[in-house]
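Trainee: I am attaching a structure below and will ask some questions about it afterwards.
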């Protein structure tokens, strides 16, 4: 079922009119890793955000404000995750000095992109956007 933006805005899916807010309260990203403990610690240190122990040392790290974009494709639908930063050159330099494997920065038009190696051997994209940032728009 597809609903229009206007219909969505009318509905807003209020949890409790007295408490405010909507049913959707955030996003939870799952990365699969061959060395989850090391990747969790790396992301905790990289992001510098609060984290919680969900039990048994299972670290969940808070994300900075986020946004979601939907791009058209003729291929199979897929999902991608990129962390955003304000200074890709500075981030790449700092990570490289710390011995983290980081790709060269590539200009994608919509932003400057690099890939950061995770301790498990996986990787995650980081980019300095050139587009307006939805997460920085004040909520009215």
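Trainee: So, residue 90, is that one more than 12 Å from the chain's Cα centre (by Cα) and at positive phi or not? Don't jump to the end; show me each part of the working.
Mentor: Details: more than 12 Å from the chain's Cα centre (by Cα): yes; at positive phi: no.
No, not satisfied.
Trainee: Further, regarding this structure: Looking at (1) more than 16 Å from residue 27 (Cβ to Cβ); (2) modelled with pLDDT under 95; (3) surrounded by 10 or more Cβ atoms within 10 Å (Cβ to Cβ), which is the one condition that is false for residue 66?
Mentor: So residue 66 meets the others, but not (1).
Trainee: Being free of Cβ contacts under 8 Å to residues at least 60 places away in the same chain, surrounded by fewer than 13 Cβ atoms within 10 Å (Cβ to Cβ) and either touching a helix residue (DSSP H, G or I) at 6+ places or on another chain (Cβ under 6 Å) or not in a loop (DSSP other than H, G, I, E, B) (or both) is the filter here, so list the residues in the stretch 107-140 that pass it.
Mentor: 107
Trainee: Let me ask something else. Among the numbered conditions (1) out of contact with any strand residue (DSSP E or B) (no Cβ under 7 Å at 6 or more places or on another chain); (2) within 28 Å of residue 137 (Cβ to Cβ), tell me where residue 116 comes up short.
Mentor: So the condition that residue 116 fails would be (1).
Trainee: Restricting to the stretch 49-63, and then to whatever is at pLDDT 90 or above and assigned to a loop (DSSP other than H, G, I, E, B), can you tell me which residue is farthest from residue 128 (Cα to Cα)? Quick ask: steps written out before the conclusion?
Mentor: From the stretch 49-63, those at pLDDT 90 or above are 49-55, 59-63; that's our starting set.
Now drop any that are not assigned to a loop (DSSP other than H, G, I, E, B), which leaves 49-50, 54-55, 62-63.
Details: 49: 19, 50: 23, 54: 31, 55: 34, 62: 20, 63: 16 Å.
In this case the residue turns out to be 55.
Trainee: Take the residues in the stretch 92-106 that are out of contact with any helix residue (DSSP H, G or I) (no Cβ under 9 Å at 6 or more places or on another chain) and in a helix (DSSP H, G or I); name whichever of them is nearest to residue 79 (Cα to Cα).
Mentor: Only one residue tops the list, namely 92.
The values are calculated or read from the model by the stated rules, or taken from the named source; none is laboratory data. This structure is a prediction, so every number in the text was calculated from the model and none was measured. Cβ: placed from backbone, ideal geometry, glycine included. Neighbour counts: every protein chain shown.
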